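The values are calculated or read from the model by the stated rules, or taken from the named source; none is laboratory data. Quick caveat: nothing in here was measured; it's all calculated off a predicted structure. Note that each Cβ is placed from the backbone with ideal geometry, even for glycine, and that neighbours are counted across all protein chains shown. Areas reflect the complete protein model, heavy atoms only, side chains present, ligands, DNA and RNA absent. Shrake-Rupley method; radii C 1.70, N 1.55, O 1.52, S 1.80 Å.
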Amino acid sequence: MQYRMVRRCHAARRDDIDDLITRRPLPGPALDQVDPFLFLNHHGPQDYPPGNRGLPFGPHPHRGFETVTFILEGELAHLDTAGHQSVIRAGGVQWMTAGRGLIHSELSPQEFKRRGGPLEILQLWVNLPARLKMAPPAYVGLQRESIPSLPTADGQGRVNLIAGRWGGAEGPIRSLTGVFMSTVELARGGSVDFADLGGRSVFLYVVRGRIDIGGASVAEHSLVELHDDGDRLAIRALDDAMLLFGHAQPIGEAVVAHGPFVMNTREEITQAIRDYQAGLFDIAPSNSAD
């Protein structure tokens, strides 16, 4: 049994979108990806006034990967050309497989724009291997009550289990590629231990608070890059903390990204653009709203 240690910490950079506070820890100047994890935007936290314009993410296309969206505060309305539609509230998660291509929008519901309120959202992009890049689009929208919230061994924290197994429970999402995904809440002084990490890429972002890993202090709004050796990870909270924690088997393939498309070759990117312009992402609804 060997515990993983910190190699480097990567501070999220501010990159606001319109009036939406946005921090981006990945990709960054010193780290392109944590294969298969490609991209993370941290929107907020901020308070929207009554009569606000809401989120600016109108209809836009994707192909070749998955988006996982964590609604920490506020609400998010999803609509896509595969026929999925939902409004997810605070504590909920959206898991969308873009696959061969769809168009979706992520906007604030009318009621939120009318009354305002707090908003904080994370969006993570997870790559798909070549064999799955043209998979059928899919979507699952989970409210907080559908996500197991499991106590840590010391009783000072909780693991909100979205995908994979932990503590004898299984998350509601069945990932195409065996991704483990969770959010973790720890009180100051609380700790959590994750096992079975051998050969897997670990994704760890400190949403708020400070944590300690093997004597290394990690600040708020930091992405932790860990050494590859080791099959366990121990985390201790130096403040009340929230973390985004996942792990997955590396894909190990070429990554060619162009805006909302992530493929293996430039030729595939060119084809994705052509298919989008030809209206092939405007697929007929095949599923009822989640």
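Descriptive notes on the structure:
- Residue-level analysis places A248 among those that are at pLDDT 95 or above, surrounded by 15 or more Cβ atoms within 10 Å (Cβ to Cβ) and over 21 Å from P59 (Cα atoms).
- Screening G54 on (1) of a type in the set (G, A, S); (2) part of a strand (DSSP E or B); (3) surrounded by 20 or more Cβ atoms within 10 Å (Cβ to Cβ) shows it passes everything except condition (2).
- Unique residue being out of contact with any Ser or Thr (no Cβ under 9 Å at 6 or more places or on another chain), surrounded by fewer than 19 Cβ atoms within 10 Å (Cβ to Cβ) and charged (D, E, K, R) when the list is D282, D231: D231
- Among the criteria (1) open to solvent by 50 Å² or more (accessible area, probe 1.4 Å); (2) more than 22 Å from I269 (Cβ to Cβ); (3) at pLDDT 95 or above; (4) not hydroxyl-bearing (S, T, Y), the one P59 does not fulfil is (2).
- Matching residues, the stretch 120-175, being outside any loop (DSSP other than H, G, I, E, B), open to solvent by less than 20 Å² (accessible area, probe 1.4 Å) and closer than 20 Å to P250 by Cα: L124, V126, N127, I162, A163, I173
- Scanning the stretch 75-92 for residues that are of a type in the set (V, I, T) and either open to solvent by 10 Å² or more (accessible area, probe 1.4 Å) or over 12 Å from I121 (Cβ atoms) (or both) gives T81, V87.
- Listed by position, the strands (runs of 3 or more DSSP E) contained in the stretch 200-240 that have at least 2 residues being of a type in the set (F, W, Y) are 201-208.
- W95 meets all of the listed conditions (1) buried (at least 17 other Cβ atoms within 10 Å of the Cβ); (2) touching a Pro at 6+ places or on another chain (Cβ under 7 Å) but one, namely (2).
- Count of the stretch 176-197 residues which are open to solvent by 50 Å² or more (accessible area, probe 1.4 Å) and outside any strand (DSSP E or B): 3
- Contact map, the stretch 11-37: residues that are touching a residue at least 12 places away in the same chain (Cβ under 8 Å) and closer than 11 Å to L223 by Cα paired with residues that are of a type in the set (D, E, K, R) and outside any strand (DSSP E or B), Cβ distance under 7 Å, separation 6+ or inter-chain. Pairs shown: R24/D15.
- Pairs meeting the criteria (first residue in the stretch 115-139 and under 17 Å from F37 (Cβ atoms), second residue buried (at least 23 other Cβ atoms within 10 Å of the Cβ) and of a type in the set (K, R), beta carbons under 8 Å, at least 6 apart or on different chains) are K133/R63.
- Taken as a whole, the structure leaves L72 outside the set of residues that are at pLDDT 95 or above, crowded, with 23+ Cβ neighbours inside 10 Å and either in a strand (DSSP E or B) or touching a Lys or Arg at 6+ places or on another chain (Cβ under 9 Å) (or both).
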